[in-house]
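The values are calculated or read from the model by the stated rules, or taken from the named source; none is laboratory data. Here the structure is a predicted model, which is why all the values come from computation and not from measurement. Reconstructed Cβ throughout: ideal geometry from the backbone, glycine too, with neighbour counts over all protein chains shown. Accessible surface is based on the protein model in full, side chains and every heavy atom, while ligands, DNA and RNA are left aside. Shrake-Rupley method; radii C 1.70, N 1.55, O 1.52, S 1.80 Å.
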Amino acid sequence: MFVDFHSHTNESDGTLPPSELAAAMRTRGVEIFAITDHDSLGAYPKLGEAAGSAKIVTGIEINTTYRGNEVHVLGFGFPVDAPEIGTAIAANRDHRIRRAEKMIEQLAQAGYELDVADVRAEAGHADSSLGRPHVARALIRAGFVPDVETAFRTLLTAGKPGYVPQTYMLPHEAVALVRRSGGVAVLAHPGRLKDESIIDELVNAGLAGLEVFYPTHSPSQIAHYRTIAASHGLVMTAGSDFHDLRYNPGGVGMDVDRSDIAPFLDLVL
């Protein structure tokens, strides 16, 4: 079946408005999906009827940091107006603004003149959650780099002029927050972790699932994370992490066996 429990709109660092992403899900034949914008739930009131008959699960991607690692926690199935999640979103969004301002300052010192208005212009609207992709697109528009990959590689990663580390909440806190809000906490793209020992810690904090099926996970990684999920009693999820057709040529949707994600569906539907 086609599902997608990891996607982004221009409410964070994706490029499609919510209704257009939902329409893409419908066109692809995605049966169930979640929009998991970074630190934003703004997409859900804007979906309209674009999703057609597809079922929609409330979702979010909460950025966290731990031991120098960027760890992303997906939350599913909680009320859109959950107050604690709203408070966490506000705190992370403030951090995003301050981080973007610092990145702009450092880039200017290195000869890459941008201002906050340039970066905000690359976001969907004034309330979008700012992130490095917006800075990268502003650099492209200004003619400093040819594409996002070059912007990240030469300017926006650790050790480069525009890099500013994240200082978000701990992943353990994000997992607990999702649980208290009535949701299901899932660790996003475990294949991108630098240290998998975090999985054991998050299980002890209440982690419920792993994003086993992910576009860049190799067959051996999928088998590996299947084993980890089974050993800890975690549900498995699948997500494209779609942001933009230029950088996600596979588009939306993941084709998975229903039996693999049935335990997750039982928790959120």
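Annotation: per residue accessible area for the chain equals 42 Å², rounded to a whole number [probe 1.4 Å, protein chains only]. Across bins of 5 angstrom width beginning at 0, how are the C-alpha pair distances of region 163-269 distributed, in whole percent? Histogramming region 163-269 at 5 Å steps yields 2, 11, 20, 23, 19, 15, 7, 1, 0 percent.
Carbon and sulfur together cover what percent of the accessible area of region 114-245 at a 1.4 Å probe radius?
Values: 3030 of 5580 Å².
Heavy-atom surface of region 114-245 belonging to carbon and sulfur, 1.4 Å probe: 54 percent.
Given +1 at the Cβ of Lys and Arg, -1 at the Cβ of Asp and Glu and no other charges, the dipole of region 54-212 around its Cα centre is 80 debye to the nearest 20. In the chain, the DSSP beta bridges split such that about 50 percent are antiparallel, to the nearest 5. Direction-averaged projected area, Cα convex hull, region 36-131: 7.8 nm², rounded to one decimal. Rounded, prolate or oblate: which fits region 119-180, taking a ≥ b ≥ c as square roots of the Cα gyration tensor eigenvalues, rounded meaning a/c under 1.5, else prolate when a/b beats b/c? In terms of gyration-tensor shape, oblate. Within region 174-269, the trypsin sites (Lys or Arg not before Pro) that combine a DSSP coil assignment with at most 14 other C-beta atoms in a 10 angstrom radius are K194, R246. Straightening the chain between T150 and A110 buys 12.8 nm, computed as 0.36 nm per residue apart minus the Cα-Cα spacing. What shape does region 170-222 take by its C-alpha gyration tensor, where a ≥ b ≥ c are the square roots of the eigenvalues and a/c under 1.5 counts as rounded, a/b above b/c as prolate, and the rest as oblate? It is prolate, given that a/c is not under 1.5 and a/b is the larger ratio.
Report the percentage of all Cα-Cα pairs in region 82-190 whose separation exceeds 18 Å, rounded to a whole percent.
Value for region 82-190: 54 percent of Cα pairs lie more than 18 Å apart.
Once Rg and the Kirkwood radius are both taken over the C-alpha atoms of region 1-56, their ratio Rg/Rh works out to 0.92.
Could you tell me what percent of the accessible area of region 4-79 is made up of carbon and sulfur, with a 1.4 Å probe and every protein chain present? Within region 4-79, the accessible surface is 50 percent carbon and sulfur.
When the convex hull of the C-alpha atoms of the chain is computed, what volume per residue in Å³ does it have?
Working: hull volume 31.8 nm³, N = 269.
Convex hull volume per residue, Cα atoms: 118 Å³.
Expected output is a single nm value to one decimal: the length gained when fully extending between T157 and L269, i.e. 0.36 nm times separation in residues minus the C-alpha distance. What is it?
36.5 nm
Give the range of the longest stretch in the chain that excludes all GluC sites (Glu not before Pro) found in loop regions by DSSP and having at most 13 other beta-carbon atoms within 10 Å. Within the chain, the longest run free of exposed GluC sites (Glu not before Pro) spans 114-195.
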